[in-house]
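A short reminder: the numbers here are calculations on the coordinates, not readings from a lab. Just so you know, these numbers come straight off a predicted model, no measurement behind them. As a convention, Cβ positions derive from the backbone with ideal geometry for all residues, glycine included, and neighbour counts pool all protein chains shown.
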Amino acid sequence: MRKTVLPSWVTAWAVENDISFSQLRCFVAVVDAGSLAESGRRLGMATASVSKAIARLEQAAGVKLLHRSTHALSLTEDGERLIGPAREAVRAAGVFQQSAVAHAPSGWVRISAPVALMRGVLTPLLADFIRSHPEIRLDLRASNELVDLARDGIDLAIRSGSLTRLPGHLQTTWFKFPWVVCASPKYLEDSSEPKRPHDLREHALIGFRNQRTGQVRPWTFRRKQETIQIAPNPTSIFDDGASAWEAAVSGAGIVSAPLWLAADDLRAGRAVELLREWRDVDAVVSFLRRDPSARVNRVIAHLRRNAPALRF
């Protein structure tokens, strides 16, 4: 492998101006893709995050790199001058990564996730990781309970919702998602579609009970400045999200579910989203860990690159 050495002025400039590899990677990706949105899709990042990275790079470097308009992006004179060094820096980082793989960490990573998230999102994404990282072994544990990482020997827990009551752990966001209210076409054949949240009182509702609190999850709706919260009076209650969703797809009633659970059936027409204009604000799926070990970092990096694209 050819040894890559960046010119000394490039590395000195980057260090002196507090410029990160992530910012340079976003710069190169935007130039190659021709748009913020497309570069975000290629990088697995939100468009806003790519835009912020470019803005921070421009601020740190003290130059304007891109001309931006509503429909196009183009390099400034400084951008033309610096895109070459940026490409070289990104390529050098790739060489570094390949070299690091030769001495990759090995061993077990014990992962805990809710049953529905494990089946619907995590397991499909980890197939590629298992093939490309044979030196790392995965112990996957599906549980809807929030486990004690230290007691149960868990290296990485993946959970949605608030985790602020767990001090002493490292928490980072994986991806964001909305909750969606859905029913099957079969159910809607015999029932009128609700137009407002309060219309749900006339329907068969499927509730979800939080195993930790024992409470049935309320349904929250937001539209512009109006917020409505409904305590559903369900005809059936499940303590597993996947089972609640399967009941809805089978025609048992209307359910409120995370979009990552509903997306495939919505795309296939097996379910229909209701009250879309009343979608609640996005919730998050987070990584929770005790120690930033190299093995766990490899798993997290893979999942970040392959976060589900929930734009439905």
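Couple of notes before you dig in:
- Per residue, the Cα convex hull of the chain amounts to 173 Å³.
- Rounded to whole Å, sorted largest first: equivalent-ellipsoid semi-axes of the stretch 168-312, Cα gyration tensor: 30, 17, 15
- Cα Rg, Dmax (largest Cα-Cα span) when computed across the stretch 270-309, Å: 16.0, 44
- Label point distance in nm, I228-R56, each placed 7 Å from Cα along Cα→Cβ: 4.0
- Descending Cα extents along the principal axes, the stretch 18-149, whole Å: 53, 35, 25
- Spin-label model, L125 to V95: label points 7 Å out along the Cα-to-beta-carbon direction sit 3.2 nm apart.
- Cα point-scatterer Debye curve for the stretch 237-312, base-10 log of I(q)/I(0) at q = 0.17, 0.19 Å⁻¹: -0.81, -0.92
- Built amide H within the under 5 Å cut-off of V180, gap 5+: A257, L259
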